[in-house]
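The structure under discussion appears below in the form of structure tokens.
The values are calculated or read from the model by the stated rules, or taken from the named source; none is laboratory data. Keep in mind that what you see is a predicted model, and the values were worked out from it rather than measured. Heads up, the Cβs are rebuilt from the backbone with ideal geometry, glycines too, and the neighbour counts pull from every protein chain shown. We work out accessible area using only protein heavy atoms, side chains counted, and drop any ligands, DNA or RNA first. Shrake-Rupley method; radii C 1.70, N 1.55, O 1.52, S 1.80 Å.
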Amino acid sequence: MTAADLLDFASRNWRSAIEIAILAVVIYYSYLYFRGTRGAKVLTGLALIFLTLTLVSQLLQLQVINYLIRSLTAFLAVALVVIFQPEVRRALAALGSHHVFSSASQSKETIEIIAETAFELSNRQFGALIAIERDTDIQVFAESGVTINCDLSPELMISIFQPKTPLHDGGLIVRDDRIIAGACVFPVSQREDLDRNLGLRHRAGLGITEESDAIAIVVSEETGIVSICHRGIVERKFDPETFKKRLGQLLLLEKYEKTDSEELDGEGNLSSSGDDRLVSH
């Protein structure tokens, strides 16, 4: 085949190549997103049934089954939207909360206070869960707890997460540099590909970031490790300086550069992909 033939073939089929590329990207990222969710098993089961019936009807020329499959294809598309409504909602919310479209930001003073508090709680081995509201309103979760509505301060947050105090068991919500509510109930992530060593506090931190664009800070009561959850991802093993840098990137949209110690610390990542993610989308 000559160069002229190749150019002629490309000029006639470039639209098809673009369509194939778009479909490949959509299918690939849909697979990454749904992998590990409860809906993934439902999708796998439906796909197996659909492919098996199609193959059998074609091989054995079963006209009635073939007709039913073609007729039900449109209804199947609607059924998939209903079945995967939680996953579709989270995917669209994640797309809409991308930093390109985000206008919410916190002050640097708030980041300093939260960083100071997180590592003071870590030193004292106090478990904590703090959600920082951004563009998506999470008032529904604030209403599940106790209204506080006061200025942000390390002393108050440490007092709230003091073991055996009334508000220590639950999440704290921060909005516009103020503490809105404590002892809040957050949705627990139902992903099946999470590390089994993660406790309920980390799963709740992931859950609130799956339902909204909030940033969740988790302090482990057992290990004292400070984690940041965002967009269904958890990042761990921070020191105070890298924690402030990473939180600044997420809340102030600042550039975040890893230190040499972070790049060398493989234990800081719980993902086999090596990108500081526990859950890969």
**Request:** Rank by packing, highest mean first: peptides 72-81, 147-156, with packing defined as the count of other Cβ atoms within 10 Å averaged across residues.
**Result:** 147-156, 72-81
**Request:** Return the sequence-ordered ³J(HN,Hα) values of the stretch 132-144 in whole Hz as given by the Karplus equation 6.51 cos²θ - 1.76 cosθ + 1.60 applied to θ = phi - 60°, using x for Gly and Pro.
**Result:** 9, 6, 10, 6, 7, 6, 10, 4, 4, 7, 5, 6, 7
**Request:** Report, to the nearest whole %, how much of the accessible area of the stretch 122-244 belongs to carbon and sulfur atoms, 1.4 Å probe, protein only.
**Result:** 47 percent
**Prompt:** What does the highest-first list of 213-222, 9-18 look like by mean Cβ count within 10 Å?
**Reply:** 213-222, 9-18
**Message:** Among 119-127, 20-28, how do they line up by average Cβ neighbours within 10 Å per residue, starting with the highest?
**Reply:** 119-127, 20-28
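Quick one: plug the Kirkwood hydrodynamic radius of the stretch 170-221 (C-alpha pairs) into Stokes-Einstein at 10 °C, 1.306 mPa s, and report D in µm²/s. Provide the component values of the computation, followed by the final result.
Numbers: Rh = 11.6 Å.
Answer from the Stokes-Einstein relation: 136 µm²/s.
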**Whole-percent pair-distance distribution, where bins are 10 Å wide, for the alpha carbons of the stretch 105-237** = 14, 50, 33, 3
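Can you work out the FRET efficiency for the pair Arg12 and Asn123, with r the C-beta to C-beta distance and R0 = 45 Å, to the nearest 0.05? Mind dumping the intermediate values first?
Numbers: r = 68 Å, r/R0 = 1.50.
Calculated transfer efficiency: 0.10.
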**Prompt:** For the pair Leu23 and Ser71, what calculated FRET efficiency results from E = 1/(1 + (r/R0)^6), where r is the Cβ-Cβ distance and R0 = 25 Å, to the nearest 0.05?
**Reply:** 0.55
**Request:** With a point put 7 Å past each Cα toward its Cβ, work out how far Asp169 is from Val146 in nm, to one decimal.
**Result:** 1.3 nm
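Might you tell me the accessible area per residue for the stretch 114-226, computed with a 1.4 Å probe and given in Å²? Don't skip to the answer; put the middle values down first.
Working: 4830 Å² over 113 residues.
Normalised by residue count, the accessible surface of the stretch 114-226 is 43 Å².
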**Fill in**
Under 5 Å from the placed amide H of Ile148, counting only residues 5+ away or on other chains, we find Ala181, Gly182
